[in-house]
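J.: Would you mind keeping the following structure in view while I ask a few things?
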Amino acid sequence: MIEKISEKIHANDSSSSDSDDDKSVSPSSVKAKIYRIFGREKPVHKVLGGGKPADVFLWRNKKISASVLGGATAIWVFFELLEYHLLTLVCHVLILTLAMLFLWSNAHTFINKTPPRIPEVHLPEEPFLQVAAALRIEINRGFVVLHDIVTGRDLKKFLIVIAGFWVLSIVGSCCNFLTLFYISFVLLHTLPVLYEKYEDKVDPFAEKAMIEIKKQYAVFDAKVLSKIPKGSLKGKLA
């Protein structure tokens, strides 16, 4: 009788522990439904590739990340202050290197030194085919989007593309390509790590912003876009 009573007590304890486990699982399932910017489901490190570049962008090793950012800053300052162009620097370095190798190869008998060992470079075909295949898929997607825009099928994409080109034209008129590249590089080294640190505060704000944008677009669609005679326009073009 004592053994049966103890078994019943253990059974009740296990059922209560299972119910507690179910209760503990429910908050995590609710947490998984939290809005994440751009609809991401993975951590920021996985979104950036999860390798060494992601470690650099997220400042996993502060010395390496600081040295990379400092090197990029030094290069940008060098070109901006001295007004030296990147293409000119590359050409001058190539001229100097080729001249030194050419003179060394022809004068090694006079200076009693062995000629430089220059390895033959053969690029493999497979990586270039993979890159070309990936680019082909993305280019075809871009052409599909452009086709939908040109044929008037997607007004929302049309407005987004026009706004994007307009912003790029303003940015391009304010700075040169090197400065634009440097700004993008700095943003890539600052925004991901700041977002990873404050994502619990940024995501709710982004959710509210997206809701507001959708509301404003719905109002704009109801007042302006829906009144555009699309059918008659297509009939005239046909």
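J.: Can you compute the charge dipole magnitude of the range 131-185 about its Cα centre, using +1 on each Lys and Arg Cβ and -1 on each Asp and Glu Cβ, nothing else charged? Give it in debye, rounded to the nearest 20. Could the numbers behind the result be given before it?
T.: Values: 5 positive and 3 negative charges, 22 e Å.
Using Cβ point charges on Lys, Arg, Asp and Glu, the range 131-185 gives about 100 debye.
J.: Let me ask you something else. Subtract the Cα-Cα distance of LEU81 and LYS46 from 0.36 nm times their separation in residues, and report this length gain in nm to one decimal.
T.: Details: separation 35, 0.36 × 35 = 12.60 nm, distance 3.79 nm.
Gain on stretching LEU81 to LYS46: 8.8 nm.
J.: Let me ask something else. Give the residue from ALA66, PHE181, ALA163 lying farthest towards the positive end of the charge dipole for the range 39-181; charges sit on Cβ (+1 for Lys and Arg, -1 for Asp and Glu) and the dipole is referred to the Cα centre.
T.: Final value for the positive-end residue is ALA66.
J.: Still on this structure, please answer the following. Say the cut-off is 20 Å between C-alpha atoms; which of LYS52/LYS201; LYS156/LYS201; LYS156/LYS227; LYS46/LYS157; LYS46/LYS197 go over it?
T.: Over 20 Å Cα-Cα: LYS52/LYS201; LYS156/LYS201; LYS46/LYS157.
J.: A follow-up question, please. Checking the a/c ratio against 1.5 first, then a/b against b/c, what shape does the Cα gyration tensor give for the range 96-174? Can you show the working numbers first?
T.: On the way: a/c = 7.99, a/b = 2.58, b/c = 3.10.
Since a/c reaches 1.5 but b/c is at least a/b, the shape of the range 96-174 is classed as oblate.
J.: Rounded, prolate or oblate, given the Cα gyration tensor of the range 41-185, with a/c below 1.5 counting as rounded? Present the calculation step by step, with values, prior to reporting the outcome.
T.: Details: a/c = 1.92, a/b = 1.77, b/c = 1.08.
Because a/c hits 1.5 or more and a/b exceeds b/c, the range 41-185 counts as prolate.
J.: Keeping all protein chains in place, calculate the accessible area per residue for the range 56-191 (probe 1.4 angstrom), answer in Å².
T.: Working: 11190 Å² over 136 residues.
Averaged over the residues of the range 56-191, the accessible area is 82 Å².
J.: Of the accessible area of the range 129-238, with the probe set at 1.4 angstrom, what percent is carbon plus sulfur?
T.: Details: 6350 of 8800 Å².
Answer for the range 129-238: carbon and sulfur cover 72 percent of the accessible area.
J.: Points 7 angstrom from Cα along the Cβ direction at CYS91 and ALA133: gap in nanometres?
T.: Calculated label separation equals 3.9 nm.
J.: Next question, about the same structure. If you plug each phi of the range 207-218 into the Karplus form 6.51 cos²θ - 1.76 cosθ + 1.60 with θ = phi - 60°, what whole-Hz ³J(HN,Hα) values come out, in order, with x for Gly and Pro?
T.: With the stated coefficients, the range 207-218 comes to 4, 5, 5, 5, 4, 5, 5, 5, 5, 5, 5, 5 Hz.
J.: After finding the eigenvalues of the alpha carbon gyration tensor for the range 134-226, what semi-axes result from the square roots of 5 times each, listed largest first in whole Å? Numbers along the way, then the final one.
T.: On the way: eigenvalues 148, 107, 47 Å².
Value: 27, 23, 15 Å, ordered largest first.
J.: OK, next. Quick check: residue separation of ASP154 and ILE170 times 0.36 nm, minus the Cα distance between them. What number comes out in nm?
T.: Values: separation 16, 0.36 × 16 = 5.76 nm, distance 2.50 nm.
The span from ASP154 to ILE170 would gain 3.3 nm if fully extended.
J.: Here's something else I'd like to know. What is the gain in length, in nm to one decimal, between ILE183 and LEU101 on full extension, counting 0.36 nm per residue of separation less the C-alpha to C-alpha distance?
T.: Numbers: separation 82, 0.36 × 82 = 29.52 nm, distance 3.69 nm.
Roughly 25.8 nm would be gained on extension.
J.: For an R0 of 41 angstrom, estimate the FRET efficiency from the Cβ-Cβ distance between ASP55 and LYS227 and round to the nearest 0.05. Spell out each step's value before the answer.
T.: Numbers: r = 52 Å, r/R0 = 1.28.
Efficiency, rounded to the nearest 0.05: 0.20.
J.: Something else: Evaluate the charge dipole of the range 108-199 about its Cα centre and quote only its size in Debye, nearest 20, assuming +1 on the Cβ of each Lys and Arg and -1 on the Cβ of each Asp and Glu. Display every interim value, and only then the final one.
T.: On the way: 8 positive and 8 negative charges, 37 e Å.
Charge dipole, the range 108-199, about its Cα centre: 180 debye, nearest 20.
The values are calculated or read from the model by the stated rules, or taken from the named source; none is laboratory data. Predicted model only: the values in this text are computed from it and were never measured. A quick note on method: Cβ atoms are made from the backbone with ideal geometry, for glycine too, and the neighbour counts reach across all protein chains shown. In case anyone asks, the SASA skips ligands and DNA or RNA and just uses the protein heavy atoms, side chains included. Shrake-Rupley method; radii C 1.70, N 1.55, O 1.52, S 1.80 Å.
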